[in-house]
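Peer 1: The structure is given below, and queries will be raised subsequently.
FYI, it's all coordinate maths here, none of it is from the lab. Here the structure is a predicted model, which is why all the values come from computation and not from measurement. Glycine also receives a Cβ, built like all others from the backbone with ideal geometry; neighbour counts cover every protein chain displayed.
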Amino acid sequence: MAIPQNWRLQNQRYRLTGEVCNTCGAKLFPPRDVCPECAKPAYEPFQFAGKGEVYSFTVLSEALAGYEAYEPYPVALVKLQEGPLVTAQLTDVDPQDVHIGMPVEMVTRKLTEEGEDGLIVYGYKFRPVLKPAVNG
Amino acid sequence: MKPIRDVGIIGYGAYVPRYRLPASEIVRVWKGGDGDTPITEKAVPGPDEDAATIAIEAARNALSRAGIPPARIGAVWVGSESHPYAVKPTSTIVAEAIGATPETQAGDWEFACKAGTEAMQAAFGFVASGMAAYALIVGADTAQGRPGDELEYTASAGGAAYIIGLADESLARLEGSYSYVTDTPDFFRRPGQEYPTHGSRFTGDPAYFRHVLAAARGLMEQLGTKPSDYRMAVFHQPNVKFPERAAKTLGFTDEQIRTGLLADVIGNTYAGSSLLGLTAMLDVAQPGDRLLLVSFGSGAGSDAMSFVVTDKIAERRDRAPFTQDYIRRRKVIDYGLYVRYRGKLKMH
Amino acid sequence: MRDVSIIGIGQTEVGEHWGKSLRHLAGDAVLAAMRDAGVERADALYVGNMLSGELNGQEHLGALIADFVGLRGIEAVKVEAACGSGAAAVRMGYLAVASGLLDVVIVVGVEKMTDQKGPVTTASLAMAADAEYEVVNGVSFVSLNALLMQRYMHEYGVRHEDFAGFPINAHKNAATNPYAMFRKPISLETFKRARMVAAPINLMDSSPVADGAAAVVLAPSDVARKFQPLSVRIIGSANATDALAVHDRRDPLFLSAAALSAQKAYRQAGIGPNDVDFFELHDAFSITAALSLEAAGFAERGRGVYLAKDGEITLGGRIPICTFGGLKARGHPVGATGVYQVVEAVLQLRHQAGPNQVKNARIGMTQNIGGSGATVITHILAAEG
């Protein structure tokens, strides 16, 4: 992905900023300009808490080019507590320990590096909840 | 040194990666299985971690404890010797990730293992002067030692972050700080070099001990405090032996340094080292406790700081994971996986 | 609106064509279809292709292929809808003839995938997914389908080996298809032992990367007999879409675009699932086959997989699928696949399917899926007279 393309996605990538529909209140991630629930405009930024659970997962034994460093790595659909599903890598977990329903939390990690002299791309991944009792 | 207005720490956060390399693995690979080790094991960053990601998580923990809107942070300063880019600030990545941009100061600091505490000292001045309501400082590293070198046992990864504000909001109030700096080339890395060069035994008396002891004594003399006034103390911990000897020389007991002495189980987290010792102490400190921090950075210098814990500690401490939560979360890896995770395999 | 018929078909063998470039593959299929139709000219050429730019460094396929097959001067354009490009191009041809604006239209689907090494091809195929919110997270195309399969197994209490019937059926049918890539039956043991690609999807759940081209010639039904005594009528044609990314779907386990596209096609044809004699579905992965059967109305939700177990999808079963091997065993040259499906349906309806013939086949349905389910094109074909 080109540098400007990565740069303009920073808010979503680094901290899971989405949108909330002004009309029906649906929380949206990724951000989009028209609410898929009620087809009204949705432009209001919304900060997701980054907590959720694994809706489904897989383990890639054949990495995508640029992701070889992590192979084999788990990828999940994470159901955020505010509603949306997010596609993301799981990190700090052994693939055999992942299960559907596992509580996870968002962390910001390296997604890929565009070669040794290129951009380092950071973004959200999810990991098993470190300390369930922590508030906030 | 003491700012005109009283300032202190209003939030703090730790981060230690999940992976551990036992020192016995290095002995196995490089010494044929026989030999003393300076520590038990060290923290190793995962393949998707670097100083920026470590700084981000530590900063988020500090922000949770501080309970302030990130937009009110007026400076984001990250100290590290392993900034992911040679040119391009780590601090802007951290500032963006926590939502402190764009109306903020940002900068990267470098002074070997004391890059974080020098940023902290500057933040005290920045806030006390009124130039910022709050300042975020981070010490974070993913340090590398040459394979087989004695440094490889301890060079590790981790970080800690602090949000500095005025004293009345603080969970730990700054009593004063003192710095001691000389030009002492005990350890350095030239541009383009993968691994640092160190002076072996030269890193001891003329470097670590001279600066650490002078800074600690200078601070206590200035404040009129003595070792027994401190509930706990942390001295930069490149290993276990150095801080133990420094403490003993100054008249601190093992009991006083036990809480902050983490090197045996996580290694030397460089810019994170003394700052992680302080997060561990704050995790258990009681209001009224006096805490001493003395950093050391090769090249060389020490910053010493004295804090008094306030009653705000109780309500804020539980808002983020404790230092020991991260230390307990551990997955042991072998030398092969360590070499892969640290990018030491030639792939191209 | 005019009725449209298929008056000619052509296909190349699916496989690794080291000696043939994209234009040669497309040319072989187009010329075979023109011979079959007995036409020497056409009004337009629509090229279904997904990855020529990425894999072959070549775009602008309309003009390239039209010129290559001796049709320089005609209207020609590439149509792209990821793995649904082939059927999307067929539908463009259908719309052009049905509208009355054009009379004879050639549609070719072509993909030349073996010019690049595996990781490049994998990264290119992932372009069918959301680059900014799926692929950047290290997600390959197969892993998106693995997410669906894992959830399906969890939600419906299905075991992995329950899916074995899909590839076993596909390979059995491909064994007697001279154009198929894998002409060899497989056993349950082969399925269970196959190498894992993205758990729970293993190699036998997955269709192969391949080269290939297939073509059809379309003409108004009222003149079709003039060209071809065995013409086949398109009685339903529909394209429907869903969110591009799996995470944006209302219910990831229901291919709503496949359901919508099938319903529109059924309505146009005036039939229902019970009237369909065979179904060339998009078995890119065995989970896709199960979800397609459910979306198109052949099984209740969570029950699609059992059609494979109970033998209902075999040539003699209730709803035969992948009658020439499907994507799994005929091979999946992505942008060509949708046209292969139509060519195979025509062979069935002309009763030229040989050992693969579905008895008394009168109505066949083809369904081509782009991406993980975002674009779905359904065609319903009927034997003439």
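Peer 1: Please work out if residue A:130 is of a type in the set (A, V, I, L, M, F, W, C), farther than 27 Å from residue C:145 by Cβ and either at the interface with another protein chain (Cβ under 10 Å from one of its Cβ atoms) or not in a loop (DSSP other than H, G, I, E, B) (or both).
Peer 2: Yes; evaluated as a whole, the condition is true for this residue.
Peer 1: Going through region C:136-167 one residue at a time, which ones are in contact with a helix residue (DSSP H, G or I) (Cβ under 9 Å, 6 or more places away or on another chain), buried (at least 19 other Cβ atoms within 10 Å of the Cβ) and free of Cβ contacts under 8 Å to residues at least 40 places away in the same chain?
Peer 2: C:136, C:138, C:139
Peer 1: Can you tell me which residue within region A:47-71, out of those that are assigned to a strand (DSSP E or B) and small (Gly, Ala, Ser), is surrounded by the most Cβ atoms within 10 Å (Cβ to Cβ)?
Peer 2: Among residues in region A:47-71 that are assigned to a strand (DSSP E or B) and small (Gly, Ala, Ser), the one surrounded by the most Cβ atoms within 10 Å (Cβ to Cβ) is A:52.
Peer 1: OK, next. More than 14 Å from chain A (Cβ to nearest Cβ), under 27 Å from residue C:26 (Cβ atoms) and surrounded by fewer than 20 Cβ atoms within 10 Å (Cβ to Cβ): does that describe residue C:216?
Peer 2: Criteria not met by residue C:216.
Peer 1: Let me ask you something else. When only residues in region C:239-251 that are more than 23 Å from residue C:103 (Cβ to Cβ) and not in a loop (DSSP other than H, G, I, E, B) count, which is nearest to the other protein chains (Cβ to nearest Cβ)?
Peer 2: Result: C:247.
Peer 1: Next question, about the same structure. Consider only pairs whose beta carbons are under 8 Å apart and that are at least six residues apart or on different chains; among these, list those whose first residue lies in region B:315-341 and is in contact (Cβ under 8 Å) with a residue 60 or more places away in the chain and whose second residue is in a helix (DSSP H, G or I) and basic (Lys, Arg).
Peer 2: As it stands, the answer is B:316/B:65; B:317/B:65; B:319/B:65; B:320/B:60; B:320/B:65; B:335/B:28, since those pairs meet every condition given.
Peer 1: Collect the residues in region C:124-144 that are more than 7 Å from every other protein chain (Cβ to nearest Cβ) and among the charged types (D, E, K, R), keeping them in residue-number order.
Peer 2: The answer is C:130, and nothing else.
Peer 1: In addition: Please go through region B:228-256 and pick out each residue that is farther than 15 Å from residue B:113 by Cα, in contact with a Pro (Cβ under 8 Å, 6 or more places away or on another chain) and surrounded by 24 or more Cβ atoms within 10 Å (Cβ to Cβ).
Peer 2: Of everything in region B:228-256, just one residue is farther than 15 Å from residue B:113 by Cα, in contact with a Pro (Cβ under 8 Å, 6 or more places away or on another chain) and surrounded by 24 or more Cβ atoms within 10 Å (Cβ to Cβ), namely B:233.
Peer 1: Still on this structure: It is to be established whether one or more residues within region A:82-91 are within 12 Å of residue A:13 (Cβ to Cβ) and within 17 Å of the chain's Cα centre (by Cα).
Peer 2: yes
Peer 1: Let me ask something else about it. Of the residues A:84, A:74, A:103, which single one is buried (at least 23 other Cβ atoms within 10 Å of the Cβ) and either under 25 Å from residue B:326 (Cα atoms) or at the interface with chain C (Cβ under 10 Å from one of its Cβ atoms) (or both)?
Peer 2: A:74
Peer 1: Let me ask another. Report, by residue number, each residue of region A:9-30 that is over 14 Å from residue A:85 (Cα atoms), assigned to a loop (DSSP other than H, G, I, E, B) and within 12 Å of chain B (Cβ to nearest Cβ).
Peer 2: A:9
Peer 1: I'd like the full set of residues that are in contact with a Leu (Cβ under 8 Å, 6 or more places away or on another chain), of a type in the set (A, V, I, L, M, F, W, C) and not in a helix (DSSP H, G or I), limited to region C:118-145.
Peer 2: C:129, C:139
Peer 1: For the subset of region A:112-122 comprising residues that are facing chain B (nearest Cβ under 10 Å) and touching a residue at least 40 places away in the same chain (Cβ under 8 Å), which member is nearest to the chain's Cα centre (by Cα)?
Peer 2: Residue satisfying both the conditions and the ranking: A:122.
Peer 1: Next question. Before we move on, is residue A:39 free of Cβ contacts under 8 Å to residues at least 40 places away in the same chain and more than 9 Å from chain C (Cβ to nearest Cβ)?
Peer 2: Criteria met by residue A:39.
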